[in-house]
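Asker: To start, I am sharing the structure in question, which I have written as structure tokens.
The values are calculated or read from the model by the stated rules, or taken from the named source; none is laboratory data. Keep in mind it's a predicted model, so treat the numbers as computed, not measured. Heads up, the Cβs are rebuilt from the backbone with ideal geometry, glycines too, and the neighbour counts pull from every protein chain shown.
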Amino acid sequence: MSTERPVDVRLRKMAARLKLSYTRDHLHELLESVITAKFTPREALEYVFSQEIEQREANRIKQALMAAHFPYERSLSGFDMTAQPSLDPGVIRELSRLEWIEAGENVAIFGPPGVGKTHLAIAFGRLAIEKGYPVRFYSAAALIALLEKAHKEGNLEAKLREINKPKLLIIDELGYLPFGPQAAHLLFHLVCRRYEKKSILITGNRPPSEWGLIFGDTAAAAAVLDRLLHHCTVMTILGDSYRIRHCRKQEVMSRTATVTEPEEQPTVGIA
Ligand code: ADP
Ligand code: MG
């Protein structure tokens, strides 16, 4: 770029000093757009600032998504509500306003495998990140293993503090594996610390009535549930696995296609 004017070099340097990285990296495009659109000075400033803010917001979301450790990407718009008649769309709409996170309340999603529990958990997590709330996703098994390890190594306090930082903690798939009684006590510590301050979104394949079995300790399970469910929206998804239903639908479609083929081409004569 030997043709770059000295003033552009100075502008880039100033943008870097002011940490306006979009302006620093896209100075020429910005100037071109301003000239082409014949912006007024005010419009030009507004345009540059808005581009800078947009880029910063995109970077913030990207970093927060990485920090959340979602196992995969899902969104609420990608969730087919008609596939789950047991879910109340009004409840989903209300939850998507995220007032429950502001209030430090919880959400629990129960249901059999494949009905979209993790999908919804990630979708709400993503919305929370977009609104600026820090989020961390753990599978229940990984979270409990982490707490047990910290307990064994004598740094439970520090670990609890670290895990408690995000405004929304997602604990996915509680109940798929049974836990020892110590797990319920460790989870109790966590839930107590967040109680009425920071939200937990939990998903599980077993209803609360069976948590005694998951933890092998009815009293400890009841203590966890008492705090968890006190200010909590509980959703129970009934019905078939979305995946299996999807596979079945495709199977039926391909079978229909095979059956209709001979009718469309009678001369082929498929038996
Ligand atoms: P669960 O956590 O209840 O076992 P998942 O959320 O992992 O189920 O869902 C299994 C797969 O099916 C995922 O890929 C998910 O995105 C998809 N899925 C489930 N329910 C729906 C739905 N109602 N609309 C769109 N995709 C869905
Ligand atoms: Mg799941």
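Asker: Checking the conditions here, which among I200, I122 is more than 13 Å from ligand 2 (Cβ to nearest atom), modelled with pLDDT of 95 or more and surrounded by 17 or more Cβ atoms within 10 Å (Cβ to Cβ)?
Answerer: I200
Asker: Determine the pairs where a residue that is modelled with pLDDT of 95 or more, located within the stretch 42-59, has a partner that is surrounded by fewer than 12 Cβ atoms within 10 Å (Cβ to Cβ) and of a type in the set (A, V, I, L, M) with Cβ atoms under 8 Å apart, the partner being 6 or more residues away or on another chain.
Answerer: Cβ pairs passing all conditions: E43/A37; Y47/A37.
Asker: How about the stretch 135-174: which of its residues are closer than 22 Å to E196 by Cα, of a type outside the set (A, V, I, L, M, F, W, C), away from ligand 1 (no atom under 16 Å from the Cβ) and outside any helix (DSSP H, G or I)?
Answerer: R136, K165, P166, K167, listed by residue number.
Asker: Can you tell me which residue within the stretch 207-227, out of those that are in a helix (DSSP H, G or I) and within 24 Å of the chain's Cα centre (by Cα), is farthest from L187 (Cα to Cα)? Give the derivation first.
Answerer: From the stretch 207-227, those in a helix (DSSP H, G or I) are 208-215, 218-227; that's our starting set.
Among the residues that remain, those that are also within 24 Å of the chain's Cα centre (by Cα) are: 208, 224-225, 227.
Numbers: P208: 15, V224: 7, L225: 10, R227: 11 Å.
Here the answer is P208.
Asker: If you don't mind, there's one more thing I want to ask. In the stretch 57-74, what residues are surrounded by 12 or more Cβ atoms within 10 Å (Cβ to Cβ) and either closer than 30 Å to L20 by Cβ or away from ligand 2 (no atom under 16 Å from the Cβ) (or both)?
Answerer: Correct list: E57, N59, R60, I61, A64, L65, A67, A68.
Asker: Report, ordered by the first and then the second residue, all pairs with beta carbons closer than 6 Å, sequence separation of six or more or different chains, a first member in the stretch 172-185 that is at positive phi, and a second member that is of a type in the set (A, V, I, L, M, F, W, C) and within 16 Å of ligand 2 (Cβ to nearest atom).
Answerer: Going by the 6 Å Cβ cut-off, the qualifying pairs are E173/A140; G175/I214.
Asker: Quick check on the stretch 172-184. Is at least one of its residues of a type outside the set (A, V, I, L, M, F, W, C), more than 16 Å from ligand 2 (Cβ to nearest atom) and surrounded by 17 or more Cβ atoms within 10 Å (Cβ to Cβ)?
Answerer: Yes, the stretch 172-184 contains at least one residue that is of a type outside the set (A, V, I, L, M, F, W, C), more than 16 Å from ligand 2 (Cβ to nearest atom) and surrounded by 17 or more Cβ atoms within 10 Å (Cβ to Cβ).
Asker: Let me ask something else about it. Say we look at the stretch 11-56 and pick out the residues that are under 27 Å from K131 (Cα atoms) and among the hydroxyl-bearing types (S, T, Y); which of these is surrounded by the fewest Cβ atoms within 10 Å (Cβ to Cβ)?
Answerer: So the residue we want is S50.
Asker: Another question about this same structure. Any idea which of (1) of a type in the set (D, E, K, R); (2) surrounded by 13 or more Cβ atoms within 10 Å (Cβ to Cβ); (3) within 10 Å of ligand 1 (Cβ to nearest atom) is the one E94 doesn't satisfy?
Answerer: So the condition that E94 fails would be (3).
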